[in-house]
1. Let me check I've understood the local charge: for residue 50, count other residues with C-beta under 15 angstrom from its C-beta, Lys and Arg +1, Asp and Glu -1. What total comes out?
2. Give a residue-ordered list of calculated ³J(HN,Hα) values for the stretch 108-117 (Karplus: 6.51 cos²θ - 1.76 cosθ + 1.60, θ = phi - 60°; whole Hz; x for Gly, Pro).
3. Is it possible to state the helix-based mean residue ellipticity at 222 nm for the chain, with each DSSP H run of 4+ residues giving -39500 (n - 2.57), the sum divided by total residues, to the nearest 500 deg cm²/dmol? What is it?
4. About its Cα centre, how strong a charge dipole does the chain have in debye, to the nearest 20, once Lys and Arg get +1 and Asp and Glu get -1 at the Cβ?
5. Once phi is turned into ³J(HN,Hα) by the Karplus curve 6.51 cos²θ - 1.76 cosθ + 1.60 with θ = phi - 60°, what whole-Hz value does each residue of the stretch 23-36 show in order, with x for glycine and proline?
6. Using unit Cβ charges (K, R positive; D, E negative) and no other charged atoms, how large, in debye to the nearest 20, is the dipole of the stretch 135-204 about its Cα centre?
7. On alpha-carbon atoms, Rg over Rh for the stretch 112-166 using Kirkwood Rh?
8. Please report the spacing between the Cα centers of the stretch 1-21 and the stretch 143-164 in Å, no decimals.
Amino acid sequence: ARVVILISGRGSNMKALVHAASQMTNVNISAVISHSANSEGLAWARAQGIQTEQLVYDAAGGQTRVQYDQALAECIDRYQPDLVLLAGFMRILSDEFVRHYTGRLVNIHPSLLPLFPGLHTHQQALNAGVRVHGCSVHFVIPALDQGPIIAQAVVPVMADDTVQSLDQRVLVMEHKLYPQVMRWLAQKAVFLDEQGKVGFTEKL
Ligand code: GRF
């Protein structure tokens with residue numbers, strides 16, 4: 001499977017995906033694309049010899065969201081990807097963009113969805129007083145963080161947890177879960193079916 005990864009900054013999930021892909025014969029990371037001018041993740045990917053693209057949103061130049069998303073889709077489609085993996089990509093994507101990639105567009109979110117969509121999920125979890133937390137990998141649909149869930153990983157919440165300690169514990173699981181899901185997607189063990197639900201084959 002040809003995979004394009006979209007990132008914003010740090011890119012630790014992208015690194016986990018790249019490392020895992022190097023052990024998989026059926027996954028090829030075709031490109032890593034960042035929308036941020038300052039992405040340490042992008043520099044790392046470039047140093048690995050991966051194709052990188054930087055596509056910064058030109059707000060000052062009056063670029064609209066739809067125009068940006070069109071430029072982004074053109075950039076992505078040059079790589080003819082089977083999968084587009086959002087890994088800490090902090091831009092909301094337009095409905096047109098999302099529909100163009102139906103079934104191929106996947107995101108990782110740092111909470112046990114449908115709990116805590118949006119930003120500051122670890123703070124939301126601490127505020128809610130939940131005793132378990134985690135991360136979710138899901139197909140992307142136009143409604144933010146509401147797409148069909150493919151897989152989740154759970155961590156405990158400790159009495160003395162801070163946003164930072166919780167983030168660290170969840171990230172460890174993210175770095176295991178996302179590569180595992182990429183493997184399933186590449187071998188078509190999981191897919192988005194015609195009803196918009198997650199389908200599983202016995203290959204899993
Ligand atoms: C991760 O927690 C991811 O789940 C969320 O943003 C964070 C990105 O971290 N969407 P990184 O860039 O992968 O290190």
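Here, each number is a calculation from the coordinates, and none is a lab measurement. Quantities reported herein were computed from a predicted structural model and do not represent experimental measurements. Cβ atoms come from the backbone with ideal geometry, glycine included; neighbour counts cover every protein chain shown.
1. Here the count lands on +2.
2. After applying 6.51 cos²θ - 1.76 cosθ + 1.60, I find 10, 10, x, 7, 7, 4, x, 6, 6, x Hz.
3. Helix contribution divided over all residues of the chain: -10500 deg cm²/dmol.
4. So the magnitude is around 420 debye.
5. Going residue by residue, I get 9, 10, 7, 9, 10, 10, 7, 6, 6, 10, 10, 10, 9, 10 Hz, with x marking Gly and Pro.
6. In total the dipole reaches around 320 debye.
7. 0.99
8. Using only Cα atoms, the two centres lie 19 Å from each other.
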